[in-house]
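The values are calculated or read from the model by the stated rules, or taken from the named source; none is laboratory data. The model shown is predicted, which means the values in this text are computed figures rather than measured ones. Note: ideal-geometry Cβ built from the backbone for every residue, glycine included; neighbour counts use all protein chains shown. SASA here: full protein model, heavy atoms, side chains in, ligands and nucleic acids out. Shrake-Rupley method; radii C 1.70, N 1.55, O 1.52, S 1.80 Å.
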Amino acid sequence: MTEPCRFCARLRHSPSFPGGVLYEDPFFHATFWTEGETRSYLGHVIVQSKRHLTSLSELTPQEGVALGTLVQRLSAALGETVHPELVYLDCYMEVVRHLHLFLTARYPGTPPEFLRLKVTEWSGAPHGDRAQLDVLGNRLRASLNRPASG
Ligand SMILES: [Zn+2]
């Protein structure tokens, strides 16, 4: 039987995400975005809803709070582990109509022609294989699991 939605299927049938599952709660799931590459941009995270939602407007108030908190925590964890200049957040849902968004670390020195949508294409930014994703995944999970200060 084929799944009608690629991202619903991704949750059910991908038990081994490179770098592991970075975060999971009853509503959301976060992993590195790798698309089966052998070398992936280090610091490109996808958050997807567990429910099949096709718009941010379909979030319940509780899910909205959870998503906002998760975006803040992942942004802080990326900041602490890879020391980016910026953490981008983008959400389009044009290709796959299942709620998902990407957090992407923009590394210092990224040339202007690689800003925003092309940031992961800059060869000067750190890329890594599965073992390096595993190391970064462990560091991100450690950062996420540390109690927030302040
Ligand atoms: Zn879906």
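For a Förster distance of 22 Å, can you work out the FRET efficiency between the beta-carbons of A9 and E94, rounded to the nearest 0.05? Efficiency, from the Cβ-Cβ distance: 0.75. If R0 is taken as 30 Å, the Cβ-Cβ distance between A148 and S123 corresponds to a FRET efficiency of 0.30. Scanning the chain for cysteines with no neighbouring cysteine C-beta under 4.7 angstrom from their C-beta gives C91. For a paramagnetic label modelled at 7 Å from the Cα of A131 toward its Cβ, which residues of segment 13-40 fall within the zone defined by backbone nitrogen distances under 17 Å? The answer is 18-20, 38-40. Would you please name the GluC sites (Glu not before Pro) within segment 22-55 that are DSSP coil residues with at most 10 other C-beta atoms within 10 Å of their C-beta? Those that pass, being in a loop and sparsely packed, are E35. Accessible area per residue for segment 22-150 is 54 Å², calculated with a 1.4 Å probe on protein heavy atoms, without ligands, DNA or RNA.
Modelled spin labels at L115 and E24, positioned 7 Å past Cα toward Cβ, are 3.8 nm from each other.
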